[in-house]
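Colleague: Structure in structure tokens, see below.
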């Protein structure tokens, strides 16, 4: 291995220890940019074997995770994130958030959710589990349909 390759490897593998403040800063940079979100600065903080799960998908590995972020960027007009609460306990970080999604042809929707982050021994994100009510939060922003949807859910499950 050449000296340049060693220096580049050391540079790109170095990172700050993950704290609540660092994670909040990285997430806010991702979503609160002008226009489309950008994950390029946060992806190095994810383990190459990342396991990600939310209400619609289960993803294994950084390549599949990166592809998911690209699909989300392509589908949305703009994304904004507000972090409501964050707590760290050992290798776990819990974040309560509100994400405003602006799609190309539909009204903006606010998703209320939470994420459980698990850190590896190296301090990288090895697992992320996102919890949110995707359809309820989106349907709440569609006039007339929102009341019918909530009535259906209440009658069937409430």
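Colleague: Assess whether residue 80 counts as being assigned to a strand (DSSP E or B), at pLDDT 90 or above and under 21 Å from residue 112 (Cα atoms). It would help to see each step written out before you state the result.
Modeller: Working: assigned to a strand (DSSP E or B): yes; at pLDDT 90 or above: no; under 21 Å from residue 112 (Cα atoms): yes.
No, not satisfied.
Colleague: Same structure again: Going through 66, 115 one at a time, which residue ends up being surrounded by 14 or more Cβ atoms within 10 Å (Cβ to Cβ), assigned to a helix (DSSP H, G or I) and under 12 Å from the mean Cα position of the chain (by Cα)? Steps first, please.
Modeller: On the way: 115 fails: assigned to a helix (DSSP H, G or I).
Matching residue, one of 66, 115: 66.
Colleague: Could you please find all residues in region 44-63 being in contact (Cβ under 8 Å) with a residue 40 or more places away in the chain and part of a loop (DSSP other than H, G, I, E, B)? I'd like the intermediate steps shown before the answer.
Modeller: The first filter runs over region 44-63 and keeps only residues in contact (Cβ under 8 Å) with a residue 40 or more places away in the chain, leaving 45-47, 49-56.
Scanning region 44-63 gives 54, 55, 56.
Colleague: Working only within region 124-158, note down all residues that are buried (at least 16 other Cβ atoms within 10 Å of the Cβ), part of a helix (DSSP H, G or I) and touching a helix residue (DSSP H, G or I) at 6+ places or on another chain (Cβ under 7 Å).
Modeller: 139, 149
Colleague: Note down all Cβ pairs under 6 Å where the first residue falls in region 117-139 and is more than 22 Å from residue 63 (Cβ to Cβ), the second is in a strand (DSSP E or B), and they're at least six residues apart or on different chains.
Modeller: Every condition considered, the pairs that remain are 131/113; 131/114; 132/111; 132/113; 137/109; 137/111; 138/109.
Colleague: Report, by residue number, each residue of region 83-100 that is more than 15 Å from residue 27 (Cβ to Cβ) and in a strand (DSSP E or B). If you could, list the steps in order and put the result at the bottom.
Modeller: The first filter runs over region 83-100 and keeps only residues more than 15 Å from residue 27 (Cβ to Cβ), leaving 89-92.
89, 92, listed by residue number.
Results for (1) within 30 Å of residue 110 (Cα to Cα); (2) modelled with pLDDT of 90 or more; (3) surrounded by 16 or more Cβ atoms within 10 Å (Cβ to Cβ), shown as yes or no for each residue.
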residue: 4; (1), (2), (3): no, no, no
residue: 30; (1), (2), (3): yes, no, yes
residue: 34; (1), (2), (3): yes, no, no
residue: 40; (1), (2), (3): yes, no, no
residue: 45; (1), (2), (3): yes, yes, yes
residue: 53; (1), (2), (3): yes, yes, no
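Colleague: Among all residue pairs at least 6 apart or on different chains, which show Cβ distances below 7 Å where the first residue, located in region 65-83, is on the phi < 0 side of the Ramachandran plot and in contact (Cβ under 8 Å) with a residue 40 or more places away in the chain and the second is surrounded by 16 or more Cβ atoms within 10 Å (Cβ to Cβ) and not in a strand (DSSP E or B)?
Modeller: Within 7 Å, the pairs are 79/31; 79/37; 80/31; 81/27; 81/31; 83/24; 83/27.
The values are calculated or read from the model by the stated rules, or taken from the named source; none is laboratory data. None of the values given here were measured: they were computed from a predicted structure. Positions of Cβ are backbone-derived with ideal geometry, glycine not excepted, and every protein chain shown enters the neighbour counts.
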